[in-house]
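All remarks here apply to the structure that follows.
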């Protein structure tokens with residue numbers, strides 16, 4: 001039967017996470033981490049968490065979240081994860097759990113169910129072909145999982161695909177051609193530096209021009225707080241950014257994103273920013289970098305040229321309720 005989550009389910013959910021979830025690629029977790037990531041996350045709610053139970057045994061669960069404080073949370077509910085034990089992993093049980101979550105979103109007045117990076121419940125997974133290295137969230141449903149095709153058959157559509165890319169920093173060295181490029185760019189007044197609010201202007205205006213709500217919240221705040229934020233500059237005017245730079249506990253170099261304001265595009269700042277980011281992350285102690293980019297995003301070629309490789313592909317999913 002399908003029923004709502006209760007706190008008594010937490011232990012069985014953790015067991016499923018570390019077995020069936022690990023088989024899907026999620027990073028195994030201890031109870032404390034599982035609570036931080038999911039069951040005691042500020043956006044976790046029993047109203048959007050359902051379990052599949054048979055004869056007192058928990059065989060699966062689904063979690064989602066929604067709310068006014070989440071991007072597009074006024075109209076969307078977000079699926080965080082759906083995990084089924086090996087013996088219960090079927091089309092039918094997937095449909096039952098999804099239906100329970102979708103109905104809860106409908107009752108809350110939502111018109112869409114989505115799987116995107118806007119979901120604040122960020123669940124880490126293991127990057128395939130690496131020594132246990134993790135990425136800290138998923139932007140969709142991995143295309144290699146049965147869940148992906150099942151969701152398509154249940155009325156979801158892929159709005160886009162995202163590629164997960166990875167590079168070890170152990171052997172990273174900045175290519176000579178990057179330094180040559182930096183020299184030529186400097187002749188035209190373009191360069192990359194750590195952001196200094198006493199010398200650089202236009203950070204907030206540059207980020208606003210990129211029209212990304214998450215960046216608008218994070219990047220100016222990082223600059224004001226003194227974090228190691230790299231900016232692309234035209235003279236002393238902020239034209240682009242990447243960072244902030246720091247290694248996560250997993251050894252991953254943090255990457256909020258990279259952007260160049262439209263009026264400054266075409267001068268090589270995006271490429272130079274990215275290579276400077278790799279330098280600084282390695283200097284800061286990061287062991288590897290991982291990131292997502294759209295399957296059709298031209299920036300993908302910058303990352304490939306820098307030694308990144310695609311390790312997994314995800315479908316960004318959306319269904320009208």
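The values are calculated or read from the model by the stated rules, or taken from the named source; none is laboratory data. None of the values given here were measured: they were computed from a predicted structure. Every residue, glycine as well, gets a Cβ built from its backbone with ideal geometry; the counts of neighbours run over all protein chains shown.
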| query | Quick one: is residue 285 closer than 20 Å to residue 180 by Cβ and either assigned to a strand (DSSP E or B) or more than 16 Å from the chain's Cα centre (by Cα) (or both)? | reply | no
| task | Evaluate segment 166-173: report whether one residue or more is more than 23 Å from residue 304 (Cα to Cα) and either within 20 Å of the chain's Cα centre (by Cα) or not in a strand (DSSP E or B) (or both). | result | no
| message | Looking at segment 12-40 only, could you name the residues that are touching a strand residue (DSSP E or B) at 6+ places or on another chain (Cβ under 8 Å) and more than 21 Å from residue 98 (Cα to Cα)? | response | 27
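Go through segment 14-28 and give me each residue that's outside any helix (DSSP H, G or I) and either free of Cβ contacts under 8 Å to residues at least 60 places away in the same chain or surrounded by fewer than 17 Cβ atoms within 10 Å (Cβ to Cβ) (or both). Let's see the steps before the verdict.
If we filter segment 14-28 for residues that are outside any helix (DSSP H, G or I), which is where we start, we get 25-28.
The one that is outside any helix (DSSP H, G or I) and either free of Cβ contacts under 8 Å to residues at least 60 places away in the same chain or surrounded by fewer than 17 Cβ atoms within 10 Å (Cβ to Cβ) (or both): 28.
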| task | State the number of residues belonging to segment 255-280 that are under 19 Å from the mean Cα position of the chain (by Cα) and either free of Cβ contacts under 8 Å to residues at least 24 places away in the same chain or farther than 23 Å from residue 213 by Cα (or both). | result | 1
| field | Candidate set from segment 234-254 (those that are surrounded by fewer than 23 Cβ atoms within 10 Å (Cβ to Cβ) and either over 21 Å from the mean Cα position of the chain (by Cα) or in contact (Cβ under 8 Å) with a residue 60 or more places away in the chain (or both)); member that is nearest to residue 28 (Cα to Cα) | value | 250
| field | Identity of the residue in segment 293-321, modelled with pLDDT under 95 and assigned to a strand (DSSP E or B), that ends up nearest to residue 126 (Cα to Cα) | value | 293
| query | Is it fair to say residue 221 is within 21 Å of the chain's Cα centre (by Cα) and either outside any strand (DSSP E or B) or farther than 24 Å from residue 162 by Cβ (or both)? | reply | yes
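Being assigned to a helix (DSSP H, G or I) and either without any contact (Cβ under 8 Å) to a residue 24 or more places away in the chain or within 23 Å of the chain's Cα centre (by Cα) (or both) is true for just one of 206, 185. Which residue is that? Let's see the steps before the verdict.
Numbers: 185 fails: either without any contact (Cβ under 8 Å) to a residue 24 or more places away in the chain or within 23 Å of the chain's Cα centre (by Cα) (or both).
From the options 206, 185, the qualifying one is 206.
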| In segment 228-248, residue farthest from residue 187 (Cα to Cα) [restricted to those that are at pLDDT 95 or above and in a loop (DSSP other than H, G, I, E, B)] | 248
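So, in segment 264-283, of the ones that are out of contact with any strand residue (DSSP E or B) (no Cβ under 8 Å at 6 or more places or on another chain) and surrounded by fewer than 19 Cβ atoms within 10 Å (Cβ to Cβ), which residue ends up farthest from residue 207 (Cα to Cα)? Can you show your working first?
If we filter segment 264-283 for residues that are out of contact with any strand residue (DSSP E or B) (no Cβ under 8 Å at 6 or more places or on another chain), which is where we start, we get 265-266, 271, 275, 279, 283.
When the remaining residues are screened for being surrounded by fewer than 19 Cβ atoms within 10 Å (Cβ to Cβ), the result is 265-266, 279, 283.
Working: 265: 14, 266: 17, 279: 23, 283: 26 Å.
Per the stated criteria, the residue is 283.
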| Condition broken by residue 93, with the remaining ones in (1) buried (at least 19 other Cβ atoms within 10 Å of the Cβ); (2) under 18 Å from the mean Cα position of the chain (by Cα); (3) modelled with pLDDT of 95 or more satisfied | (2)
